[in-house]
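The values are calculated or read from the model by the stated rules, or taken from the named source; none is laboratory data. What you see is a predicted model; the values in this text were computed from it and never measured. Note that each Cβ is placed from the backbone with ideal geometry, even for glycine, and that neighbours are counted across all protein chains shown. Each accessible area value is taken on the protein alone, full model and side chains, heavy atoms only, with ligands, DNA and RNA left out. Shrake-Rupley method; radii C 1.70, N 1.55, O 1.52, S 1.80 Å.
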Amino acid sequence: MMGSMASEETRTVKSTTTNTGGPAAPDSPAPAGDPSTGDAVTGGPSTGAPSTATRAWTTRLVVVGIVLAALNLRPAITSLGALLEEVRDGLGMSGSVAGLLTSVPPLCFAAFGVMAPRLARRFGPAAVVCAGMAAITAGLLIRPYIGGTAGFLAGSALALMGIAVSNVLMPVIVKRWFPDRVGSMTGLYSMALALGTAAAAAVTVPMTDALGGSWRSGLAVWAGLAAAAVLPWAALARHREAPAEPPARAREAEPAPHGLRITRSRTAWALAVFFGLQATAAYITMGWMAQIFRDAGVSASEAGLLLAVTMAMGVPLAFVIPRVATRLPRQGPIVVVLGLCGLAGYAGLYLAPAGGAWAWALLLGIANCAFPLALTMVGMRARTGAGVAQLSAFAQSAGYLISIPGPLLVGVLYQSSGGWGLPIALMAGLMIPQMAVGVLAGRDRTVEDEADR
């Protein structure tokens, strides 16, 4: 599947038009790269267009790199969730510190994600993603062994920093390398991300048992997958070939990244809030859904399986939804369908959590596919590569800040009320504004046009 996508991209790259308007000239010499747009240079101007074979090889390498990077964007979180009790006992964590640990991911995503566009302008997107994968590798490797709660938090923060910058730059790389296949490539990336999320949740405990029962080994083993992702991005960072160089006059017409006043765009704000609310729902689901089922009388093993099913729903749907979204001028109808699935799932959890557990798990899994839809809209709501970079950083950083209180508030409501009625009502209530801002974010317009006005 990856090879066929890369081959199709290779066959169409000569006829692809740039985001700023003009068709790429296939036989003209490629100009020197421009760091302001993330294009890499090789030390001087290119002497001619790269060969078809070279471009095909590089395109395939980008596809492999995207998939491997996506697989590594959640195991640092979900592997810890699977062994949180063992980690708490091993490090002597209090309950409040453990609660803080579950809020660290969105906090790091918000804090470090804003750095990604500036780093990409300075070093190029491939080099930054390569450094991000290296940071994930190092963080996962050292955090179980560095000693103490503070060291564990520091190692986790290092890994999450790498995830944050890679989160922001994935839509940018998809937009630049596959401008005519944003939907399919975003779907492939989102599918790999969902697969990595579900796999880490499902196999961390069995793998820990196979390694002798040490939670340290069970967490550190995921560094191997991150190390594998470093390799293609290191090659791309050295190769530094731009995907399809636009004519010099078109490049000059593209606004500099710092010239776009992203906060003037209503669409950017709507997309940021939509991203934040869907992230809130996702983190609440990952953190609390299994406990809701267990409190309703479902066995621990079945509750874990239900959560895995919810996460696994993102694997096929994350590939389908972006492809459908890019074929529609407005993505509001998809937002509404996903939101209605979420409302139905929450209603089921409230009325008959055990009786229809599998149906509610499936419905909430569909609702959680608002994440790949949000990533797709990031690529569609900006006209230029620079705009995508800024919009991705703004929407994800602001969105993850919005998502921080959600899981904590659910815990507070559950403890104060002694049941799941109020927390489920909160989850359902948040779905209404999520649908409203999602419809606004899905309108057919670009942030560059709104910022100019």
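One line per residue, one yes/no per condition, for (1) farther than 17 Å from LEU426 by Cα; (2) without any contact (Cβ under 8 Å) to a residue 12 or more places away in the chain; (3) surrounded by fewer than 22 Cβ atoms within 10 Å (Cβ to Cβ):
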position: ALA344; (1), (2), (3): no, no, yes
position: LEU351; (1), (2), (3): no, yes, yes
position: LEU364; (1), (2), (3): no, no, no
position: PRO372; (1), (2), (3): yes, no, no
position: THR376; (1), (2), (3): yes, no, no
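In the stretch 271-307, what residues are among the aliphatic types (A, V, I, L, M), at pLDDT below 80 and open to solvent by 30 Å² or more (accessible area, probe 1.4 Å)?
Residues of the stretch 271-307 among the aliphatic types (A, V, I, L, M): 271-273, 277, 279, 281-282, 284, 286, 289-290, 292, 296, 298, 300, 303, 305-307.
Pick out the ones that are also at pLDDT below 80 and you get 286, 290, 300, 303, 305.
MET286, ALA300, LEU305, listed by residue number.
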Next item on the list: May I ask you to verify whether ARG323 is open to solvent by 10 Å² or more (accessible area, probe 1.4 Å), outside any helix (DSSP H, G or I), touching a helix residue (DSSP H, G or I) at 6+ places or on another chain (Cβ under 9 Å) and modelled with pLDDT under 95?
Entry: no
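Please find, among ALA30, ALA69, ALA116, the residue that is modelled with pLDDT under 50, of a type outside the set (S, T, N, Q) and in contact with a Ser or Thr (Cβ under 9 Å, 6 or more places away or on another chain).
ALA30
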The number of residues in the stretch 419-453 that are open to solvent by less than 70 Å² (accessible area, probe 1.4 Å) and not in a helix (DSSP H, G or I) is 5
Across (1) surrounded by fewer than 24 Cβ atoms within 10 Å (Cβ to Cβ); (2) assigned to a helix (DSSP H, G or I), VAL388 clears everything bar (1)
Do we have any residue at all in the stretch 220-239 that's touching a Pro at 6+ places or on another chain (Cβ under 9 Å), at pLDDT 90 or above and part of a loop (DSSP other than H, G, I, E, B)?
yes
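Taking GLY213 as the residue in question, decide whether it is farther than 28 Å from LEU306 by Cα and either over 18 Å from the mean Cα position of the chain (by Cα) or in a helix (DSSP H, G or I) (or both). Let's see the steps before the verdict.
Details: farther than 28 Å from LEU306 by Cα: no; either over 18 Å from the mean Cα position of the chain (by Cα) or in a helix (DSSP H, G or I) (or both): yes.
Judged against the criteria, GLY213 is not a match.
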Report whether or not LEU91 is open to solvent by 50 Å² or more (accessible area, probe 1.4 Å), under 30 Å from ARG143 (Cβ atoms) and modelled with pLDDT of 60 or more.
no
Checked LEU328, LEU317 against criteria (closer than 18 Å to GLY196 by Cβ, hydrophobic (A, V, I, L, M, F, W, C) and open to solvent by 40 Å² or more (accessible area, probe 1.4 Å)); the one match is LEU317
Across the stretch 170-218, the tally of residues that are of a type in the set (Ser, Thr, Tyr) and under 25 Å from ALA374 (Cβ atoms) stands at 5
Those residues of the stretch 143-165 that are touching a residue at least 40 places away in the same chain (Cβ under 8 Å), open to solvent by 50 Å² or more (accessible area, probe 1.4 Å) and more than 20 Å from the chain's Cα centre (by Cα) come to a total of 1
Scanning the stretch 267-315 for residues that are more than 25 Å from MET191 (Cβ to Cβ) and outside any helix (DSSP H, G or I) gives ALA296, GLY297, VAL298, SER299
